[in-house]
Amino acid sequence: MLTHHRKTVCLSLISTDLPIWSVVEAAATLYQKDTERFHLLLTLPLENRQFLEDSEPVTTPQLLWLNISPYRVTMTKQGNGRLSYRHHWEQGVYGLSRYWLRQPAEGNQQMCLRNFTCRLTLTGRPLPEHLRLEYELCQRNFN
């Protein structure tokens, strides 16, 4: 049976080799599929959305959807913004990171990169409390 819980979530993205550091705090809904599988859905707060130079500000909801288990994580950003992406991570496995850039005049542009998951740790019972994911993003483009 699918149950859900409202939680406050802090999502931190930190790069160890590039000057990237981003923190999003938001209310999220945690759906429990079974004892080890969860869906986490959060709406990005307005102050964390990007505004692109040539476009109107994005005012429609943008969602982050994470499928979480102790073995693999998939994160999808979707909404009516110009950038969407999906990452798939699995411990010790090469996964895919796909990015889509919506450009009204040219249609959708897609880029697919490989990633390697160095460490995936999920702690907390019965509900997850902490997820740590360390991965390397390969520079080679795989279309």
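Summary of values
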{"read-out": "Order of MET75, MET111 - criterion: other Cβ atoms within 10 Å of each residue's Cβ, fewest first", "value": "MET111, MET75"}
{"read-out": "Order of VAL9, VAL73, VAL23 under a 10 Å beta carbon neighbour criterion, fewest first", "value": "VAL23, VAL9, VAL73"}
{"read-out": "Packing-based order for 122-130, 88-96, using average beta carbon neighbours within 10 Å, highest first", "value": "88-96, 122-130"}
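Read-outs throughout are calculated quantities, based only on the coordinates presented, and are distinct from any laboratory measurement. Because the structure is predicted, anything quoted here is derived from the model rather than measured. In this analysis, Cβ positions are derived from the backbone assuming ideal geometry, glycine residues included, and neighbour counts consider all displayed protein chains.
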